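K.L.:
What follows is a structure written as structure tokens; I'll ask about it next.
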Amino acid sequence: MSSGARAQISTLRVREQYVLERHGDDGVRSFRERASAALDTTLRSVDPPDGWVPFDLFIETNVVIDALFGTGDGQLAFGLGRYGASHNEGVWVSLFKQGVDVAKFAEIAGGLWHKHYDSGSLLRTVVGDDLVRIEIQRFPQPHRTHCLSIAGWLDGVFEFSPGVNLDLTEVECRASGDERCIMELRWA
């Protein structure tokens, strides 16, 4: 059932690249065989001109990859998010090389949200000198693999920042029954 939300096709393609790098052509073949007709067709087609695909295909991509190559509990979505951070390198790499701090980057991440999703937003709140709270707001379809992917991506982008030891904690998750989706980033 479609939520009406959309994700960029690049979020699917980078996950398929993960499968190719770690499990080869046979892994990609297994992934495509397990995918729905809609996902398989999307992955075999030319990218849409605007790059948007139904968000449900993003969720399915994570779920199928986890079922095939993870433990089936959605936890591989964190690793897929981390992989996406290093393989869809963007403005954050140059920012970290210029010494941008975690709090400032978390603010910038909110602006990057709509490059990947057409719904919802990412709100950053500075809680202290070494603590930032990130909240996914107004996203129409909370899903556990989405929260884990976002957490993995946040964890992964900070690998580009030498000397930052990041501790990411999930505080609440709507997909787990909480009222909001909140993560806290603490660093030293």
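K.L.:
Within the set of pairs 6+ apart or on separate chains, which have a first residue in segment 3-24 that is free of Cβ contacts under 8 Å to residues at least 24 places away in the same chain, a second that is of a type outside the set (D, E, K, R), and C-beta atoms under 6 Å apart?
P.N.:
Close Cβ pairs (under 6 Å, with a partner that is of a type outside the set (D, E, K, R)) amount to Leu20/Val28.
K.L.:
Would segment 128-142 turn up any residue that is crowded, with 20+ Cβ neighbours inside 10 Å and more than 14 Å from the chain's Cα centre (by Cα)?
P.N.:
We begin by selecting, within segment 128-142, every residue crowded, with 20+ Cβ neighbours inside 10 Å; these are 132, 134, 136, 139.
With the extra rule that they be more than 14 Å from the chain's Cα centre (by Cα), the set shrinks to 132.
Yes, segment 128-142 contains at least one residue that is crowded, with 20+ Cβ neighbours inside 10 Å and more than 14 Å from the chain's Cα centre (by Cα).
K.L.:
From the list Val171, Val164, Val157, exactly one residue is assigned to a strand (DSSP E or B) and outside the structural domain of Asn62 (by TED's automatic domain parsing). Which is it?
P.N.:
Residue meeting the stated conditions: Val171.
K.L.:
Looking at Arg138, Arg124, Arg180, which one is basic (Lys, Arg) and in contact (Cβ under 8 Å) with a residue 24 or more places away in the chain?
P.N.:
Going through Arg138, Arg124, Arg180 in turn, just one is basic (Lys, Arg) and in contact (Cβ under 8 Å) with a residue 24 or more places away in the chain: Arg180.
K.L.:
Taking the stated definitions as given, is Ile9 under 13 Å from the mean Cα position of the chain (by Cα) and among the β-branched types (Val, Ile, Thr)?
P.N.:
So Ile9 passes the test.
K.L.:
When only residues in segment 143-174 that are surrounded by fewer than 18 Cβ atoms within 10 Å (Cβ to Cβ) and β-branched (Val, Ile, Thr) count, which is modelled with the lowest pLDDT?
P.N.:
Of everything passing the filter in segment 143-174, Val164 is modelled with the lowest pLDDT.
The values are calculated or read from the model by the stated rules, or taken from the named source; none is laboratory data. All values reported here derive from a predicted model rather than from experimental measurement. Neighbour counts are summed over all protein chains in view; Cβ atoms, including those assigned to glycine, are modelled from backbone coordinates with ideal geometry.
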